[in-house]
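Below is one structure, written out as structure tokens, with a few remarks after it.
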Amino acid sequence: MHKNPLPRLDESPELRSRLLEHCRLKRGEVWIDPVGGHRVACIDCSDSQAVATLMGDDLATLALHDPPYNLVAFETRAVGEFVSWCRRWVELSLDHMRKDSSLYVWLGADQRDHFQPLPDFMLMMRDFPVQSRSFITVRNQRGYGTQRNWMAVRQELLYYVRGNPVFNVEAEYTDIPKALKGYYKDVGGQKTENTERGRGETIRAGNVWLDIQQVFYRMQENVSGCYAQKPLKSIARIIEASSVRGDYVVDFFAHSGTTLLACEMAGRKCLTAELDPVFCEITIRRIEHFRATGKTGWQNGHAFEDSLPAGAVAPDTHNENEPAAFQNMLF
């Protein structure tokens, strides 16, 4: 079996330095996709001028952010400092969004530290002209366990809206068949049960997503080296629900390039950014790889295989993408 993965790049500064020479973007530069019109910027998302460079005159219908939960450029910050940093990029997001728009934020809750930074972030969001719409839980198939607490298997996703944005309820339907009948209700004088009133034979995801598999090294969409890769299915669901074809979607934390790839597949235009040139390059290479091969990732390989020959990366028994549930423990 082909096996040539990268270790976690946030824990491998020497390897990251080697990869920099293979990156096409430097700080402040923007890659404009010649095929789909997407943009990838190597910028600080809390810098208003840099964000304006990425956005231009375009306004996003959907913002979908997955910030490092209490890290800024791999440096741990206090909760107050982290939330202050979040305030800046949330404000800049809204500055470049339509009056009817949606904002989703993935954010962790450290159960060892009063579930921070989630509660302070939620309080901070009260200061913005948005309405909280939902608190979504994504249930991981794997988690991290302990003999003295409940196993941690959840990811937290906050959903806010401004104005009256689109919401396509059809995007909520899963592949899980309806199995439970009940919940009788009178409709037009007829007593009906829930399966009769539904639009389909499968259940809706609701605000607890049970059908999402977190990414690990045996999946085609795996992007080794990335420490917090979100499943393509979860990002695609959000994009399909809260935007329409041709809309702009903004993501200030590209990381493995999942939002860009999901936008490409759904006919949206993605405006995304990363502070680190290496992750910008991974994002660009991922969409190029998809167009050339139809594959959504590298499975047991990596994005720089044309630049680093086989064996150039030292074997690492911990090079799998960690399940997202581990983020709360590791970060």
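Read the figures in this text as sums done on the coordinates, not as results from a lab. Not measured: the values here are computed from a predicted model. In this analysis, Cβ positions are derived from the backbone assuming ideal geometry, glycine residues included, and neighbour counts consider all displayed protein chains.
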Say R0 is 25 Å: what FRET efficiency, to the nearest 0.05, do Thr76 and Met265 get from their beta-carbon distance? 0.10
Segment 249-295 and segment 92-146: distance between their alpha carbon centers, rounded to Å: 22 Å
Straight-line reach check, Lys233, cutoff 14 Å on alpha carbons, 8 or more apart in-chain or any other chain, hits among aspartates and glutamates -> Glu172, Asp175, Asp211, Glu221, Glu264
Cut-off 12 Å, label point 7 angstrom out along Cα-to-Cβ of Thr202: give me the residues of segment 135-179 whose amide nitrogen falls inside. 170-178
Please report, in whole Å³, the volume per residue of the convex hull around the C-alpha atoms of the chain. 164 Å³
Given a 10 angstrom Cα cut-off, can you work out which residue in Gly189, Gly297, Gly80 is the most mobile in a GNM of the chain? Gly189
Among Ile32, Thr53, Gln116, the residue whose Cα sits farthest towards the positive end of the charge dipole of the chain, when +1 is placed on the Cβ of each Lys and Arg and -1 on the Cβ of each Asp and Glu, is Gln116
Once you have the Cα-Cα distance between Phe128 and Arg24, take 0.36 nm times their residue separation minus that, and quote the gain in nm to one decimal. 33.8 nm
Restraint check, Lys26/Lys230; Lys99/Lys178; Lys178/Lys269; Lys3/Lys230; Lys178/Lys230; Lys191/Lys230, Cα-Cα greater than 32 Å: Lys99/Lys178; Lys178/Lys269; Lys191/Lys230
Do any GluC sites (Glu not before Pro) in segment 1-72 lie in a loop, going by DSSP, with at most 13 other beta-carbon atoms within 10 Å of their beta carbon, and if so which? Glu21
Lys, Arg +1 and Asp, Glu -1 on Cβ, resulting dipole of the chain about Cα centre, debye, nearest 20: 920 debye
Dimensions (Å) - segment 33-169, Cα atoms, principal axes, largest first: 53, 38, 35
Percent antiparallel among DSSP beta bridges confined to the chain, rounded to 5, stands at 60 percent
Shape category assigned to segment 221-296 from the gyration tensor of Cα positions, a/c cut at 1.5: prolate
Say each of Arg88 and Glu170 gets a label point 7 Å from the Cα, pointing the same way as Cα to Cβ; how far apart are those two points in nm? 4.2 nm
Just to confirm the filter: which trypsin sites (Lys or Arg not before Pro) across segment 53-150 are DSSP coil and have at most 10 other Cβ within 10 angstrom of their Cβ? Arg112, Arg126, Arg148
Over segment 1-105, what is the percentage of antiparallel beta bridges among all DSSP beta bridges, to the nearest 5? 50 percent
As a check on your grasp of the helix formula, calculate [θ] at 222 nm for the chain: sum -39500 (n - 2.57) over DSSP H runs of n ≥ 4, divide by the residue count, round to the nearest 500. -7500 deg cm²/dmol
Which shape class, rounded, prolate or oblate, goes with segment 71-124 when its Cα gyration tensor gives a ≥ b ≥ c as root eigenvalues, a/c under 1.5 marks rounded, and past that a/b bigger than b/c marks prolate? prolate
Pick from Ala292, Ala52, Ala241 the residue whose mean-square fluctuation is largest in a GNM of the chain, springs joining Cα atoms under 10 Å. Ala292
